[in-house]
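The values are calculated or read from the model by the stated rules, or taken from the named source; none is laboratory data. Here the structure is a predicted model, which is why all the values come from computation and not from measurement. Reconstructed Cβ throughout: ideal geometry from the backbone, glycine too, with neighbour counts over all protein chains shown.
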Amino acid sequence: MTQHSNTAETQVFLGMNAIIASEPIRALLATIERVARSHATVLITGESGSGKELIARAVHHYSLRSHKPWVDLSCAALPEHLIESELFGHEKGAFSGADTAKPGLFEMASGGTIFLDEIGELDPRMQVKLLRVLDSVAYYRLGGVRKVTVDVRVVAATNQDLEQAVAEGRFRGDLYHRLAQFTLRVPPLRQRVADIAPLARYFLAQHDPRLSLSPSASALLEAQPWPGNIRELRNVVTKAAVLAAREEIAAGDLSFTVSSTDTVEAAMATNLESIEKRAILNALVASGGHQQRAAAQLGISRRTLNRKLKLYNPDAAEPAAIGAPA
């Protein structure tokens, strides 16, 4: 474990860095440490981009199987006719192009963990076969005549509401209950604000270790709703890093793609003034009350900054408003 900042720490799970600062994530990892040592299947839920794969890797990392194989598959990444072959393998000649026998991912993960991402995309026929394997029933490779038995812990993830999918007949109820022996919910980024600035600094350092984040930029990032979660944050920060004209990223260097959903638009409209005010006041604090430096951090002119300050405190004269030294 290495220190990332005064309040954040970095842990590595199967080669993937976890930046940990917020209480929700600290509490989730504490739960994972306990759950991981059981043999229960684990279902990880959460919005797209919130870090479900990282949590799955943490389950394997803390488990008694950590020295055994880790294998992962996105159930949405392959067409239906290839999923069975990938998961359960095939024998030579089982289908056109099967020139050699191939073990499936379950065999490759034997003794360890298999992570099935986007499990809600699994077609009904494969849901039946997966349920049988989870119930410790031996299976055949495609075209095989010898049954295969494996000892594998299954960790699955989804951004769908599987209970709703069960109610609508899109997902088997028995498979859902078998997968969800224990459910871990990954909170969205907007519910773990303390993680935002450390994550942003981490993404900046990946691009160029010399780059830093100004207080005003941190405040602006922390005020966003982040419908795309960590993936969206990484994109915003990476773009700012690529276009950076100086080593400190200011609020004015950040650009955001506004979501088309009414909910996010309403939230943005409501919070715009408070976001702007917080960013400006933080920049003034960081600059020791010096307007010119604060304006440079924010990427705006001193005149614009002064006009904004008068809006916040219309009765104050310029020096009193900023407390700036001569």
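Before moving on, here are some points about what is shown:
- Of all positions in region 98-117, at least one carries a residue that is surrounded by fewer than 19 Cβ atoms within 10 Å (Cβ to Cβ), of a type in the set (Ser, Thr, Tyr), over 28 Å from the mean Cα position of the chain (by Cα) and assigned by TED's automatic domain parsing to the domain that holds Val42.
- Boolean, Ser274 is under 29 Å from the mean Cα position of the chain (by Cα), more than 20 Å from Ala240 (Cα to Cα), assigned to a helix (DSSP H, G or I) and modelled with pLDDT under 75: yes
For (1) modelled with pLDDT of 75 or more; (2) in contact with a Leu (Cβ under 9 Å, 6 or more places away or on another chain), each residue gets a yes or a no:
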| site | (1), (2) |
| --- | --- |
| Ala240 | yes, yes |
| Ala244 | yes, yes |
| Glu247 | yes, yes |
| Glu265 | no, no |
| Arg302 | yes, no |
| Lys310 | no, no |
| Ala317 | no, no |
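- Considering only residues in region 2-55 that are more than 28 Å from Ser212 (Cα to Cα) and in contact with a Lys or Arg (Cβ under 6 Å, 6 or more places away or on another chain), the one that is surrounded by the fewest Cβ atoms within 10 Å (Cβ to Cβ) turns out to be Gly46.
Okay, residues lined up against (1) among the small types (Gly, Ala, Ser); (2) in a helix (DSSP H, G or I); (3) over 30 Å from Leu131 (Cα atoms); (4) in contact with a Gly (Cβ under 7 Å, 6 or more places away or on another chain):
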{"residue": "Arg170", "(1), (2), (3), (4)": "no, no, no, no"}
{"residue": "Tyr176", "(1), (2), (3), (4)": "no, yes, no, no"}
{"residue": "Arg190", "(1), (2), (3), (4)": "no, yes, yes, no"}
{"residue": "Asp195", "(1), (2), (3), (4)": "no, yes, yes, no"}
{"residue": "Leu204", "(1), (2), (3), (4)": "no, yes, yes, no"}
{"residue": "Ser216", "(1), (2), (3), (4)": "yes, yes, yes, no"}
{"residue": "Leu221", "(1), (2), (3), (4)": "no, yes, yes, no"}
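- The lone exception for Ala58 - which of (1) assigned to a helix (DSSP H, G or I); (2) touching a Lys or Arg at 6+ places or on another chain (Cβ under 9 Å) it fails: (2)
- Subset of region 50-103 that is in contact (Cβ under 8 Å) with a residue 60 or more places away in the chain and of a type in the set (Val, Ile, Thr) - its residue that is nearest to Val193 (Cα to Cα): Ile55
- Extreme residue, surrounded by the fewest Cβ atoms within 10 Å (Cβ to Cβ), among residues of region 146-164 that are of a type in the set (D, E, K, R) and assigned to a loop (DSSP other than H, G, I, E, B): Arg146
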